[in-house]
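Student: Here it is: the structure, laid out below.
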Amino acid sequence: MTNARHSIKRGVSLYSYQEETFLRTMSLEDCIRAASEIGAHGIEIIPEQSIPDFTNLTEEFVDTWFAWMEKYGTTPTATNSYLDTKLYPDRWLTVEEQIASIRTDIDVAVRLGMPIVKATINTSPEVMEGAAPYAEEKGVQLLIEVHAPFHYEHPWILEHLEVMHRTQSPALGLMPDMMTYVKRFPRVVSERALRDGANPAIVDYIVELYDDHGDTHALMDIVNYRGGGPVEYGLARVASHYIWTDPRKMLDHMPLIKHIQAKFYEMTEDEVEYSIPYDEIIPVLIEGGFDGYLSSEYEGNRHIQDAFPVDSVEQVRRQHAMFVRLLGEVA
Amino acid sequence: MGPLDDQVVREDSLTATADGLNVAVYTHWYRALPLTSLTKVDLTVDGQPVDPATLSVTVNGHRYEFAELAVKADEYWFTTDPVVLHVPVATAPGRQHRIQLQLGLSIPYILTGPDRTPLLTPSSTDKTLTAA
């Protein structure tokens, strides 16, 4: 849906429904229907998660896929590629093999009508450059995910930007993951650590340091100094991987930003994300003229499933209720 | 720990066969992984450790010796399909067995530490189940 102020569209990565997929309470068709029912008409998938018998993409599956798109009024938006550099126990994939792997992912995307392939953050600038001509030939955009703790001034991302600016390839771009805008520590994560037996004083220390946007570089060392064990150390590691940066930094790169992974951990009953301030992010996307999809990526299940029932459908629904509000959509 | 340890070995996972016990095992990772990722299967049945060298495995309708999985990079273990471990222990339908399984999946795109070691995501099961 669009309005006069912007052309931002809404969608869901079916990764969001991984709990129900895993427990076999939702089929792939159920996931597509759930997205469609909340007006999230853009469908993103992880082929390795959603395609039975992957890597064998059958004609039957492709036909069924397009029949579902028509039935539910949905549109394929993106696939996620993985660079399994340690595919073989005894050696590493060569750069040529890595490029070939991306080419295969591009072929899968083309067959499913996906205009975008996400390149996982471990994809090197050399591999992006090597795969770009094939992506151009196939009319697919290959976007490097900007995933915490990386950000737009990080050397790894700067190298990717150098390739994009030097080659001017229309196939290359960025896919920001909203976990780079974790302003407040996700309580589902700290509460899980407490349930796993973490020392409350150390948990408080980690959460307060994060929420004050303090320096988390040596946090894992500090946890060791304070006598923390594996659970506290794990929490510190997580805290040093989330980041909060100014969403306005995206404005400098807006022509390269083609798709947003709308990561979230907890949508409250008030339809607000507890830790990621979408009310600060979406106005920036509108201001920058972003016209791609906000694609939900729910990742809270793993933090609550030990103690609470997971309802990914409701969590995604709440996120889209928030998007509708922030995008000014009129029903 | 693994997020979905409960589902790795399920209530209906055990089947008695003429040549031993079949144990259906499900992945706890969110995407399909190449069979080379199935690197650690520390299985104990009724308190007796099972040497992986004696295990064979059926996945996607193909039966392999466990050691053969190390070269099966082009075949994937899908998220909702079981891998069936064929365990050479005596059993019969209706018999109970205590199954302790430490499953380790080597994640080929998440590399950690100075040696670029793939993340080994563990899962731990300890259940007493009845063979069908």
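Student: For the stretch A:187-237, what does the alpha-carbon gyration tensor say about shape, rounded, prolate or oblate, given a ≥ b ≥ c as the root eigenvalues, a/c under 1.5 as rounded, and a/b over b/c as prolate?
Tutor: It is oblate, given that a/c is not under 1.5 and a/b is not larger than b/c.
Student: Give a residue-ordered list of calculated ³J(HN,Hα) values for the stretch A:276-289 (Karplus: 6.51 cos²θ - 1.76 cosθ + 1.60, θ = phi - 60°; whole Hz; x for Gly, Pro).
Tutor: Coupling constants for the stretch A:276-289: 10, x, 4, 6, 9, 8, 5, x, 5, 5, 5, 4, x, x Hz.
Student: Further, regarding this structure: Once the Cβ-Cβ distance between B:Thr58 and A:Arg111 is put in as r, and R0 is 30 Å, what FRET efficiency do you end up with, to the nearest 0.05?
Tutor: 0.55
Student: Gain in length, A:Glu208 to A:Glu37, computed as 0.36 nm per residue apart minus the alpha-carbon separation, to one decimal in nm? Display every interim value, and only then the final one.
Tutor: Numbers: separation 171, 0.36 × 171 = 61.56 nm, distance 3.88 nm.
Taking A:Glu208 through A:Glu37 to full extension adds about 57.7 nm, to one decimal.
Student: Place the peptides A:128-135, A:277-284, B:87-94, B:62-69 in order of packing, highest mean first, counting for every residue the other Cβ atoms within 10 Å and averaging per peptide. Provide the component values of the computation, followed by the final result.
Tutor: Numbers: A:128-135: 20.9, A:277-284: 17.9, B:87-94: 13.2, B:62-69: 15.0.
Per-residue mean Cβ counts within 10 Å order the peptides as A:128-135, A:277-284, B:62-69, B:87-94.
Student: Just grab the label-to-label distance for B:Val71 and B:Gln102, each label 7 Å out from Cα along the Cβ direction, in nm (one decimal).
Tutor: 2.8
Student: Non-local amide H neighbours of A:Gly292 (under 5 Å, H modeled in plane, Pro and chain starts lacking H): which ones?
Tutor: Amide H to amide H, under 5 Å and 5 or more residues apart or across chains, A:Gly292 pairs with A:Lys9.
Student: If you don't mind, another one. Across peptide A:300-309, what mean number of C-beta atoms from other chains lies inside 10 Å of a residue's C-beta?
Tutor: 2
Student: Apply the Karplus curve 6.51 cos²θ - 1.76 cosθ + 1.60, θ = phi - 60°, to the phi angles in the stretch A:243-260 and return the couplings in whole Hz, x for Gly and Pro.
Tutor: Result, ordered by residue: 9, 10, 10, 6, x, 5, 4, 5, 4, 5, 10, 4, x, 8, 8, 10, 6, 10 Hz.
Student: What order, most packed first, do the peptides A:144-155, B:11-22 have when packing is the mean number of other Cβ atoms within 10 Å of each residue?
Tutor: Numbers: A:144-155: 18.7, B:11-22: 15.7.
Per-residue mean Cβ counts within 10 Å order the peptides as A:144-155, B:11-22.
Student: Could you state the number of Å between the C-alpha centres of the stretch A:168-229 and the stretch A:61-125?
Tutor: If we compute the Cα centre of each part, the gap is 30 Å.
Student: Something else now. For peptide A:75-84, how many partner chain Cβ atoms fall within 10 Å of a residue's Cβ, on average?
Tutor: Partner-chain Cβ atoms within 10 Å, mean over residues of A:75-84: 2.
Student: Sum up the lysine pairs in chain A that clear both bars: alpha-carbon distance under 23 Å and a spacing of 8 or more or different chains.
Tutor: 15
Student: Give me the inter-chain shielding for A:86-94: mean count of other chain Cβ atoms within 10 Å, whole number please. Display every interim value, and only then the final one.
Tutor: Numbers: counts 13, 9, 6, 10, 3, 0, 2, 2, 0.
So the per-residue partner count for this stretch is 5.
Student: Which listed residue (A:Ala34, A:Ile99, A:Val330) has the Cα farthest towards the positive end of the charge dipole for chain A, taking +1 on Lys and Arg C-beta and -1 on Asp and Glu C-beta about the Cα centre?
Tutor: About the Cα centre, the residue reaching furthest to the positive side is A:Val330.
Student: Let's test the formula: R0 of 45 Å, r as the Cβ-Cβ distance of A:His241 and A:Thr104. What FRET efficiency results, to the nearest 0.05?
Tutor: Given R0 = 45 Å and the Cβ-Cβ separation, E is 0.95.
Student: Of all trypsin sites (Lys or Arg not before Pro) in the stretch A:197-283, which ones are in loop regions per DSSP and have a Cβ with at most 15 other Cβ atoms within 10 Å? Mind showing how you got there, number by number?
Tutor: Working: sites: A:Arg226, A:Arg237, A:Arg248, A:Lys249, A:Lys258, A:Lys263; in loops: A:Arg226, A:Lys258.
Passing sites in the stretch A:197-283 are A:Arg226.
Student: Could you order peptides A:200-210, A:89-99, A:301-311 by the average number of other Cβ atoms within 10 Å of their residues, highest first?
Tutor: A:200-210, A:301-311, A:89-99
Student: Under the rule of at least 5 residues apart or a separate chain, name every residue whose amide H is placed under 5 Å from the amide H of B:Leu33.
Tutor: Under 5 Å from the amide H of B:Leu33: B:Trp77.
Student: State whether the stretch B:5-130 is rounded, prolate or oblate according to the following rule on the C-alpha gyration tensor (a ≥ b ≥ c being the square roots of its eigenvalues): a/c under 1.5 gives rounded; otherwise a/b larger than b/c gives prolate, and the remaining case gives oblate.
Tutor: prolate
Student: Next question. Taking the square root of 5 times each eigenvalue of the Cα gyration tensor, what semi-axes in Å does the equivalent ellipsoid of the protein assembly as shown have, largest first?
Tutor: Semi-axis lengths for the protein assembly as shown are 37, 27, 23 Å.
Student: How far, in nm, would the chain grow between A:Trp156 and A:Gln168 when pulled straight, counting 0.36 nm per residue and subtracting the alpha carbon separation?
Tutor: Full extension from A:Trp156 to A:Gln168 adds 2.5 nm.
Student: How far, in nm, would the chain grow between B:Asp46 and B:Thr130 when pulled straight, counting 0.36 nm per residue and subtracting the alpha carbon separation? Don't skip to the answer; put the middle values down first.
Tutor: Working: separation 84, 0.36 × 84 = 30.24 nm, distance 1.21 nm.
Stretched out fully, the B:Asp46 to B:Thr130 stretch lengthens by 29.0 nm.
Student: With contacts defined as alpha carbon pairs under 8 Å and 6 or more residues apart, what's the relative contact order of chain A in percent? Please report the intermediate quantities before stating the final value.
Tutor: Details: 545 pairs, mean separation 67.4, N = 331.
Relative contact order for chain A comes out at 20 percent.
Student: Same structure again: Do you know the relative contact order of the stretch A:187-237, to the nearest whole percent, from alpha carbon pairs under 8 angstrom that are 6+ apart?
Tutor: Once divided by the residue count of the stretch A:187-237, the mean separation gives 45 percent.
Read the figures in this text as sums done on the coordinates, not as results from a lab. Just so we're clear, the structure is a prediction, and the values are computed from it rather than from any experiment. Cβ sites come from the backbone with ideal geometry, for glycine too, and all protein chains shown count toward neighbours.
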